[in-house]
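Novice: Dropping the structure in here first, questions after.
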Amino acid sequence: MPIKKVLVVDDSPTERVYLTELLSKSGFAVTVAENADEALIKLKGALPDLILMDVVMPGQNGFQLTRQLSKDPAMQHIPIIMCTSKNQQTDRIWGLRQGARDYVTKPIKSDELLEKIAALG
């Protein structure tokens, strides 16, 4: 299934703007959420083809939300790429164990992210 709609979940306004601009210029329709609660509200409205998930956020973190979504029959088919400053190998392994399909560390390299998205589509 080609990826057209992307939900960006990140508490950093700078990261949301950067990812929105990068993805929009590449032809994706982008929706943003500042935290897990807002992401869940957006997901009830319309399901994206991909979620880019930060880890460190107030309230429920990205690992917890990824685990929740990967267990939900209505959403478990949506691939999640963790986009985070947590760059330890143990973080990467944990993110993938929670249900993420891939993992990129900040600062995000645009070409790397777009390649990972293309590989999923």
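Novice: Once you charge only the Cβ atoms, +1 for Lys and Arg and -1 for Asp and Glu, what is the size of the charge dipole of the chain about its Cα centre, to the nearest 20 debye?
Specialist: Working: 15 positive and 15 negative charges, 62 e Å.
Dipole about the Cα centre, nearest 20: 300 debye.
Novice: Under 16 Å from a point placed 7 Å out from the Cα of Ser26 along the Cα-to-Cβ direction: which residues of region 41-84 have their backbone N that close?
Specialist: 49-54, 79-84
Novice: For the chain, how big is the tail of P(r) above 16 Å, as a whole percent of Cα pairs? Please report the intermediate quantities before stating the final value.
Specialist: Numbers: 4015 of 7260 pairs.
Cα-Cα pairs in the chain separated by more than 16 Å: 55 percent.
Novice: Evaluate E = 1/(1 + (r/R0)^6) for Gln60 and Ile3, where r is the Cβ-Cβ distance and R0 equals 22 Å; express this FRET efficiency to the nearest 0.05.
Specialist: With R0 = 22 Å, the Cβ-Cβ based efficiency is 0.35.
Novice: Here is a follow-up. Measuring from the lowest to the highest alpha carbon on each principal axis, how far does region 79-121 reach, largest first, in angstroms?
Specialist: Principal extents (largest minus smallest coordinate, Cα): 25, 21, 11 Å.
Novice: Could you work out the relative contact order of the chain? I mean the mean sequence separation of Cα pairs under 8 Å and 6+ apart, divided by the number of residues, in percent.
Specialist: On the way: 194 pairs, mean separation 28.0, N = 121.
Reported as a whole number, the value is 23 percent.
Novice: Hey, rough spin-label estimate for Thr105 and His77, points 7 angstrom out along Cα→Cβ, what's it come to in nanometres?
Specialist: 3.5 nm
Novice: In whole Hz, with x marking every Gly and Pro, tabulate ³J(HN,Hα) for region 107-113 from phi via Karplus 6.51 cos²θ - 1.76 cosθ + 1.60, θ = phi - 60°.
Specialist: x, 6, 8, 4, 5, 5, 4
Novice: Quick one: Karplus J couplings for region 21-31, per residue in order, coefficients 6.51, -1.76, 1.60, θ = phi - 60°, nearest Hz, x for Gly and Pro?
Specialist: With the stated coefficients, region 21-31 comes to 5, 4, 6, 4, 5, 8, x, 8, 8, 10, 10 Hz.
Novice: Under the rule of at least 5 residues apart or a separate chain, name every residue whose amide H is placed under 5 Å from the amide H of Val8.
Specialist: Residues meeting the criterion, in which the H sits 1.01 Å from N, are Thr31, Val32, Ala33, Leu52.
Novice: Still on this model: Per DSSP helix of 4 or more residues, -39500 (n - 2.57); summed, then divided by the residues of the chain. What does that give at 222 nm, rounded to the nearest 500? List each step's numbers first, then the result.
Specialist: Working: 5 runs with 53 residues, N = 121.
Using -39500 (n - 2.57) per qualifying helix, the result is -13000 deg cm²/dmol.
Bear in mind these aren't lab numbers, they're just calculated from the coordinates by the rules spelled out. On a predicted model such as this, the values are computed, not experimentally measured, just so you know. Note that we place each Cβ from the backbone using ideal geometry, even for glycine, and neighbour counts take in every protein chain shown.
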